[in-house]
Structure formats: C-alpha cells, structure tokens
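Let me begin by presenting the structure, written as structure tokens, before commenting on it.
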Amino acid sequence: MNISIFGLGYVGCVSLGCLAKNGHTVVGVDVSESKVSQINSGIATIVENDIDEIIAEQHKAGRISATQDVAQAILNTTISIVAVGTPSSEKGHLNLDYIFKVAENIGDVLKSKNEFHVIAIRSTVFPGTCEKFSRIIEERTGKKNNIDFAVVDNPEFLREGTAVDDYYNPPLTLIGSNSEQATKLMVSLYDQLPAEVIVTDVKVAEIMKYVNNTYHALKISFANEIGNVCSALDIDSHKVMDIFCKDKQLNISPYYFKPGFAYGGSCLPKDLKGLQTLAHDLYVSVPVIDSIDKTNEYQKQRALSMLNKYFGKKIAVLGLSFKAGTDDLRNSPSVEIVENLLGRGFDIQIYDKNVHIAKLTGKNKDYIDSRIPHLSRLMVSDLDKLVQESDLIIISNKELEFVEKLENVSGKTIIDMVKINSPKIIANNNYRGINW
C-alpha cells in the first residue's frame with residue numbers, strides 16, 4: 001500500500017523504515033526541513049540499532065521519501081500514520097497541540113479527496129483523543145467518521161535500543177477501530193508479523209500504552225524494593241527474583257490481573273504485613289510495598305460508597321468467605337462490607353453453603369462464634385427463597401452455584417463484586433458489574 005507517516009521522530013522513523021522493508025511505499029511528513037532532507041538523502045533521523053541501514057536500503061529501493069507537503073502525502077496514500085510528539089507537562093498533562101494540528105491539516109486535504117482514507121494514531125494519547133481528532137476532520141470536511149474516513153488507534157510498543165527487533169517481533173499488534181473497512185486495511189499492514197492482531201474498542205487501545213508502561217515502572221520499583229530488603233539481610237536479590245520469575249502459574253501470569261474487589265484471606269494480608277514490618281525493622285523504605293494495603297482498603301471503601309444508594313432494599317449477600325471454594329472468613333472483604341452495611345442499618349441476609357456447613361460441623365466454628373456471631377445469625381440455608389425475597393443480590397465471590405442460580409433470574413438488581421469494574425452485562429439484563 002501507499003502510506004504516509006506524520007512525524008519523523010523516533011516512532012515515525014522506525015515505522016517508515018520497517019513498513020518500507022515489508023514492501024509498502026511510504027512517505028514521511030514533517031514540519032522540519034532538515035528531517036525531510038535527511039530521509040530524502042537516505043539518512044535516518046534517529047540513532048537506533050539497524051534503522052540507519054534500513055532507511056538507506058529502502059531509500060535506494062525507491063520505497064521511501066519525505067515531504068513537507070501535506071496535500072501531496074494525503075492524496076497519494078490510503079493510510080496516514082500519526083506519530084508526532086505528545087510531550088507532557090510537569091503535572092502529567094499531555095500537550096496534544098501537534099496531534100490536533102495534524103488533524104486540521106489532514107482535514108483540509110480530505111475535503112477534496114473522494115476515496116476512503118484511514119488515519120491511524122500511533123502516538124501515545126489519552127482516551128478520547130481519536131474521537132476529538134475525528135470531530136476536527138468532520139468539522140473541516142463535512143464528512144463522517146467511519147463512513148468517508150476513519151480514525152483508529154494503533155499504539156506502538158517499541159523500546160529504544162531494540163525498536164527494530166520489537167517492530168518485527170511484537171508481543172501483539174493492537175488496533176482500536178470502529179470501522180470494518182479501516183480494520184481490514186490496518187490488519188493487512190501487519191500480516192507479515194508473527195504476533196496476534198487484536199482489534200478492540202478505540203478507548204481500550206488508547207489507554208493500553210499507559211497501563212503497560214505504568215506496570216513496567218511498578219515492576220522495576222517493586223524489584224528494587226525487594227533488592228533493598230535483601231541487601232539489608234545480605235541475601236542475593238538476583239537469586240530471589242530469578243526464582244520469583246520461574247513461577248509462570250501465579251507470579252508471571254494473568255491469574256491476579258482481573259480488576260474487581262479487594263483481596264483477603266489469611267496469606268496475602270499476613271505476609272504483606274510481615275514484609276512491611278521486616279523492611280521497617282531494617283530501616284529500609286518500601287513506599288510501593290507499603291501502599292499495597294492502602295489501595296486494597298480504598299477498594300473496599302469504593303464498594304461501600306457504591307452500595308449506599310441501595311439503602312432500604314432487602315439485600316442478599318451470596319458468599320461470605322474471602323474466595324470461592326472455601327469457608328475461610330479470615331480477612332474476608334465480604335465480612336467487612338457486610339458489617340459496615342449492617343452498621344448503617346441495611347437489611348441483609350447471607351447465603352454461603354461452605355460457611356453454613358462449617359458452622360454446623362465445627363470446621364471454622366470457633367471463628368464464626370467468637371468473631372462474627374452477629375453475621376452467623378443472618379445466614380440462611382435456602383438459596384432459592386433468599387433470591388426470591390430479595391430486591392438486591394450481591395455476589396461476593398465466584399462460586400459456580402451463584403452464577404448458575406442467577407443466570408435466568410429476572411426483575412432483580414444483581415451486582416457481581418468480582419466484576420465490579422466492568423460495565424458490561426455478564427449473563428442477562430439484570431446481572432452486571434458496576435462501573436466505578
């Protein structure tokens with residue numbers, strides 16, 4: 001295809017060279033006369049492994065050029081990739097002036113272009129940027145997004161120093177698009193790459209770079225804090241983290257990466273507190289590790305704030321233990337939520353088959369009798385009757401029994417705390433997570 005790339009900085013230059021190497025004809029667009037001149041001389045605009053050879057090679061092959069003429073670039077290409085800078089202020093706000101200036105320039109040219117044109121934003125932008133970008137073009141052209149043209153998000157995941165290798169061996173290729181025609185064109189750009197192409201909502205694609213890089217920063221800070229604690233104990237932290245990274249089932253896996261309710265149980269709170277105390281006694285500052293339980297407490301408070309509006313309703317809580325398949329009530333966030341709601345005068349009944357059995361047989365009985373006798377009295381054994389008589393049903397853990405029971409229930413408000421951050425309907429019109 002014929003492709004134009006706006007911005008000949010780091011991302012733009014790498015994209016220019018790699019797309020050309022894959023057989024596309026690519027023209028770079030930049031306000032800098034020197035950058036345009038460099039590309040037209042077969043010289044890369046950045047210092048990066050292998051890119052200088054690729055730019056020289058592809059320029060010689062006639063697949064690379066550059067211009068300051070926006071009209072020339074737009075009228076002779078099918079896809080425009082936007083890779084201009086989005087610098088941030090000291091407070092973290094993005095300067096999107098360059099992005100929206102490109103939108104104005106493209107809009108002025110698209111006004112007179114009849115063919116469908118795709119604009120792919122490759123720059124790192126906040127959610128909602130593509131929407132505003134498309135509105136600017138609509139206002140300047142009178143045309144409609146996703147009909148006459150399409151604005152999609154196609155974030156890059158390139159690391160400086162290994163950008164070319166990352167381009168050709170990505171973990172995935174992400175496209176945020178609401179246009180089937182644009183999606184097909186964008187997917188075809190990457191059909192030579194080995195990674196899965198994921199097509200998703202535009203705003204999901206827009207936020208992914210921030211999520212990824214924040215997590216990478218968190219990993220580095222977490223590893224450094226563990227290293228500092230180990231150093232104070234004369235322990236080889238590299239051996240520790242090498243073993244940590246070998247656990248692909250829990251430590252490095254999707255297992256704990258589902259946004260939802262707070263953690264609980266006997267292990268996580270106890271061991272977290274133990275490591276915090278150890279660091280404190282060693283006079284080692286661990287601000288990342290110290291903030292983990294604060295975030296967990298905040299998650300419980302958000303749940304309470306959301307549930308306040310249901311005062312006066314008959315409420316059923318399904319699941320009291322800290323997770324499905326257990327009767328363990330130690331540090332259960334569900335217990336805390338129920339106790340708080342009771343203290344505010346809410347009308348609550350509880351069903352948990354595992355806890356009910358434990359109460360009758362003696363397993364965990366001492367804890368129930370000594371710590372939560374007031375909740376024990378609120379427990380019922382008939383799930384069908386409880387569901388029928390309640391106005392609001394709260395699912396607090398992932399017992400399959402609850403999901404199966406509520407799949408066909410209608411006329412009830414059902415809140416799944418496990419999926420409380422998801423606005424999507426889960427089983428039917430009444431069974432949903434609450435989007436905070």
Practice problem: Calculate, axis by axis, the spread of Cα positions in the chain along the three principal axes, and write the results as whole Å, longest axis first. | Solution: 82, 60, 38
Self-check item: Backbone HN-Hα couplings from phi across segment 217-224 [Karplus 6.51/-1.76/1.60, Hz, Gly and Pro as x]
Solution: 5, 4, 4, 4, 5, 4, 4, 5
Quiz item: Taking every DSSP beta bridge that has both residues in the chain, what percent is antiparallel when rounded to the nearest 5?
Solution: 5 percent
Exercise. Calculate the spin-label point distance for residue 253 paired with residue 199, positioning each point 7 Å from the Cα along the beta-carbon direction, and give it in nanometres.
Key: 3.2 nm
Quiz item: trypsin sites (Lys or Arg not before Pro), restricted to segment 172-271: which are DSSP loop and have at most 14 other Cβ atoms within 10 Å?
Solution: 248
Quiz item: Out of 129, 164, 147, whose Cα points farthest toward the positive end of the dipole of segment 124-165 (charges: +1 Lys, Arg; -1 Asp, Glu; placed on Cβ)?
Solution: 147
Self-check item: Check: the chain dipole with +1 on Lys, Arg Cβ and -1 on Asp, Glu Cβ, in debye
Solution: 1300 debye
Self-check item: Additional length obtainable on full extension of the chain from residue 288 to residue 306, 0.36 nm per residue less Cα span
Solution: 3.8 nm
Quiz item: Per residue, how much accessible area does the chain have with a 1.4 Å probe, in Å²?
Solution: 52 Å²
Practice problem: Please check which bits of segment 150-176 a label hung off residue 210 would reach, taking the label as a point 7 Å along Cα-to-C-beta and the cut-off as backbone N under 15 Å. | Solution: 155
Exercise. Using a 10 Å cut-off on Cβ atoms, rank the peptides 159-167, 44-52 from the highest mean neighbour count down.
Key: 44-52, 159-167
Quiz item: What fraction of the DSSP beta bridges in segment 1-152 is antiparallel, stated in percent and rounded to the nearest 5?
Solution: 5 percent
Exercise. Could you calculate the FRET efficiency of residue 412 with residue 239 from 1/(1 + (r/R0)^6), where r is the beta carbon distance between them and R0 is 56 Å, rounded to 0.05?
Key: 0.55
Quiz item: For residue 297 and residue 219 in one chain, what is 0.36 nm times their gap in residues minus the Cα-Cα distance, to one decimal in nm?
Solution: 25.9 nm
Quiz item: With contacts defined as alpha carbon pairs under 8 Å and 6 or more residues apart, what's the relative contact order of segment 71-204 in percent?
Solution: 21 percent
Practice problem: Report the chymotrypsin sites (Phe, Trp or Tyr not before Pro) located in segment 210-272 that are in a DSSP loop and have at most 16 other Cβ atoms inside 10 Å of their Cβ, or state none. | Solution: 255, 256, 257
Quiz item: If the chain between residue 61 and residue 126 were fully stretched, how many nm would it gain, using 0.36 nm times the residue separation less the Cα-Cα distance?
Solution: 19.7 nm
Quiz item: Among all the lysines, which ones have a C-alpha under 25 Å from residue 132's C-alpha, if same-chain residues fewer than 8 places away are not counted?
Solution: 91, 101, 111, 113, 143, 144, 184, 203, 209, 424
Quiz item: Calculated FRET efficiency, residue 246 and residue 277, Cβ-Cβ r, R0 30 Å, to nearest 0.05?
Solution: 0.65
Quiz item: Ignoring ligands, DNA and RNA, what percent of the accessible area of the chain is carbon or sulfur (1.4 Å)?
Solution: 51 percent
Quiz item: With charges set only on the Cβ (+1 for Lys and Arg, -1 for Asp and Glu), what does the dipole of segment 188-248 come to about its Cα centre, in debye to the nearest 20?
Solution: 40 debye
Self-check item: Neighbour cut-off at most 12 other Cβ (10 Å), DSSP loop, GluC sites (Glu not before Pro), segment 56-150
Solution: 90, 115
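The values are calculated or read from the model by the stated rules, or taken from the named source; none is laboratory data. These figures come from a predicted structure and were not determined experimentally. Note: ideal-geometry Cβ built from the backbone for every residue, glycine included; neighbour counts use all protein chains shown. The area values use the complete protein model at the heavy-atom level, side chains included, leaving out ligands, DNA and RNA. Shrake-Rupley method; radii C 1.70, N 1.55, O 1.52, S 1.80 Å.
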